[in-house]
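One structure is given here, and the rest of the page talks about it.
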Amino acid sequence: MALFDVPGWTVQATPVAEQSNRLSKKRKRPSLDTEKVQPTEINLDKLVKKLKGGANRDGAKGSADSSNVPGTSKCMKRERKKERDLEERKQIISLPKPLKRHDRTSTSPQSTKRLETKHERKESSSSYNSILGRKSAEVAGSGLTALQQGMKQSLDGARFRIINENLYKSSSQAAHQLMRSDPKVFDEYHVGFRHQVQSWPTNPVEHYIAQLSNRPPKTLVADLGCGDAALSKALVPKGLMVMGFDLVSDSAYVVEADICHRLPLPGSEGSEDEKSFGEGQIVDVVVCALSLMGTNWPNCLREAWRVLVPNGELKIAEVTSRFTDIEDFQSLVTSIGFKLSSMDKTNTHFTLFEFRKVSRKCKSAKEWAKIGSKGSLLKPCEYKRR
Ligand SMILES: C[S@@+](CC[C@H](N)C(=O)[O-])C[C@H]1O[C@@H](n2cnc3c(N)ncnc32)[C@H](O)[C@@H]1O
């Protein structure tokens with residue numbers, strides 16, 4: 001007999017233990033009663049649970065929101081994502097596996113494919129490097145960034161000005177010593193000098209090249225302080241004989257010599273009497289283009305006189321601002337044994353002089369010392385900061 005009756009729910013009068021035994025037995029073979037006890041509401045509940053958050057298609061538990069409801073936009077997005085994931089997984093699976101050591105020499109299709117991949121990778125890395133190379137070359141040409149390049153230019157400019165000042169303010173012997181101890185100084189000076197020359201309207205060397213180009217072949221020219229031997233390089237192919245002298249010889253065109261000390265050329269010091277004037281002298285033209293630098297520069301003109309043939313030409317180009325008194329300068333050159341032929345002051349930067357060698361009386365050591373002490377007639381040439 002039931003203790004009480006509730007529609008759809010019955011509590012039997014049998015003891016709980018007995019009842020539970022009976023129930024467990026019943027569970028194995030559900031009775032019609034139980035079927036009746038499971039109301040349709042419970043099935044609906046199950047369905048709602050399934051729809052809202054029950055097991056999804058993959059068996060994973062979903063959350064009880066509308067993203068799992070088929071047909072909703074969130075659900076469609078999830079589906080699409082799943083499809084994409086699946087595609088990606090498929091691609092990963094189809095990628096060749098890394099070769100084992102023993103596979104590397106194999107010619108199996110997989111290894112060929114792998115080698116191609118490696119080749120492609122090598123190609124792409126080499127093109128990457130070449131792009132990188134091109135880029136850095138664009139920046140500096142020397143592997144420097146624009147900022148580093150600017151700093152290097154400033155340093156080079158400063159170094160050029162220091163060397164330049166040294167050359168003008170010291171004797172030729174000291175300058176020669178400096179260049180000998182470190183020939184790099186010569187290169188540094190000339191890189192800076194060439195840079196300066198670019199900003200000038202004309203260059204004395206260009207003027208002399210044009211002027212001497214029509215001279216007869218075998219004319220012997222001595223270029224004193226020739227620098228990078230521009231005169232030799234231009235005139236030798238035209239049949240002239242040009243000998244360049246400088247503190248450093250960096251090419252076959254240049255002979256190392258201190259032009260203010262002793263040129264390695266035959267000549268005559270002049271004589272007590274005028275008879276030996278012209279003996280042993282072989283040079284037709286002497287060029288001093290911006291090369292009267294050391295404080296003892298008058299000795300260079302003395303050497304020019306020694307090596308020149310009688311009536312030989314002396315051409316001097318100097319920066320106009322260097323002259324303290326241009327007439328005193330002319331007088332000094334004349335006192336060494338020259339006669340002024342012409343002076344050209346038309347250039348904004350330089351003054352060009354043409355002299356001819358004339359005979360002179362032999363000078364005493366005291367007279368030469370006095371001439372030698374006139375170096376201050378030319379001021380040092382100081383270049384501005386670039
Ligand atoms: C301003 S550069 C001119 C170079 C060249 N003449 C030109 O016009 O292109 C002056 C040159 O004279 C050289 N020089 C100065 N004093 C010298 C000396 N005592 N002996 C040899 N060369 C000298 C320097 O080394 C430098 O090359």
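State log₁₀ I(q)/I(0) for the range 281-386 at q = 0.12, 0.16, 0.21 Å⁻¹ as given by the Debye formula over alpha-carbon point scatterers of equal weight, solvent excluded.
One equal scatterer on each Cα of the range 281-386 leads to -0.39, -0.69, -1.17.
What are the ³J(HN,Hα) values, in whole Hz, obtained from phi via the Karplus relation 6.51 cos²θ - 1.76 cosθ + 1.60 with θ = phi - 60°, for each residue of the range 226-241 in sequence order, with x given for Gly and Pro?
7, x, 8, 6, 4, 5, 4, 4, 8, 8, 4, x, 8, x, 7, 9
Place the peptides 236-242, 146-152 in order of packing, highest mean first, counting for every residue the other Cβ atoms within 10 Å and averaging per peptide. Can you show the working numbers first?
Details: 236-242: 15.4, 146-152: 11.7.
Going from most to least packed, we get 236-242, 146-152.
In the structure displayed, which of K169/K345; K238/K315; K315/K374; K339/K363 lie more than 22 Å apart, Cα to Cα? Before the final figure, lay out each step's value.
Working: K169/K345 25 Å; K238/K315 20 Å; K315/K374 19 Å; K339/K363 17 Å.
From K169/K345; K238/K315; K315/K374; K339/K363, over 22 Å: K169/K345.
Between S376 and Q148, what FRET efficiency comes out of the Förster formula 1/(1 + (r/R0)^6) with R0 = 35 Å and r the beta carbon distance, rounded to 0.05?
Numbers: r = 41 Å, r/R0 = 1.18.
Efficiency for this residue pair is about 0.25.
Between R159 and S251, with labels modelled 7 Å along Cα→Cβ, what's the label distance in nm to one decimal, could you check?
Rounded to a tenth, the inter-label distance reads 2.1 nm.
Give the accessible area for V255 in Å² (nearest 10); use a 1.4 Å probe, count only protein heavy atoms, and leave out ligands, DNA and RNA.
Estimated to the nearest 10 Å², V255 gives 50 Å².
Check which residues have an amide H placed less than 5 Å from T219's amide H, if you skip close sequence neighbours.
Excluding prolines and chain starts, which carry no amide H, the hits are M241.
Full-extension gain between V358 and S199, please, as 0.36 nm times their residue separation minus the C-alpha to C-alpha distance.
Numbers: separation 159, 0.36 × 159 = 57.24 nm, distance 3.71 nm.
Net length gain for the segment: 53.5 nm.
Using heavy-atom solvent-accessible surface (probe 1.4 Å) with all chains present, what is the largest-first order of E303, E279? Walk me through the numbers on the way to the answer.
Details: E303 10, E279 115 Å².
Final ranking, largest accessible area leading: E279, E303.
Tell me, what is the 1.4 Å probe accessible area of L378, in Å² to the nearest 10?
Taking all protein chains as shown, L378 has close to 10 Å².
Please list R306, R194 from largest to smallest accessible area, probe radius 1.4 Å, with all protein chains kept in place.
Numbers: R306 5, R194 110 Å².
Accessible-area ranking of R306, R194, largest first: R194, R306.
Rounded to the nearest 20 debye, what is the charge dipole size of the range 278-339 about its Cα centre when +1 sits on each Lys and Arg Cβ and -1 on each Asp and Glu Cβ? Could the numbers behind the result be given before it?
Working: 5 positive and 8 negative charges, 18 e Å.
That gives the range 278-339 a dipole magnitude of about 80 debye.
If the chain between K77 and A174 were fully stretched, how many nm would it gain, using 0.36 nm times the residue separation less the Cα-Cα distance? Show your work: numbers first, answer last.
Values: separation 97, 0.36 × 97 = 34.92 nm, distance 8.69 nm.
Between K77 and A174, full extension yields an extra 26.2 nm.
Would you please give the residues with an amide H less than 5 Å from that of F350, counting only those at least 5 places away or on a separate chain, with H modeled from the backbone geometry?
T320
The values are calculated or read from the model by the stated rules, or taken from the named source; none is laboratory data. Everything numeric in this text was worked out from a predicted model, so none of it was measured. We place every Cβ from the backbone using ideal geometry, glycine too, and count neighbours over all the protein chains shown. The accessibility values were calculated without ligands, DNA or RNA, using every heavy atom of the protein model including side chains. Shrake-Rupley method; radii C 1.70, N 1.55, O 1.52, S 1.80 Å.
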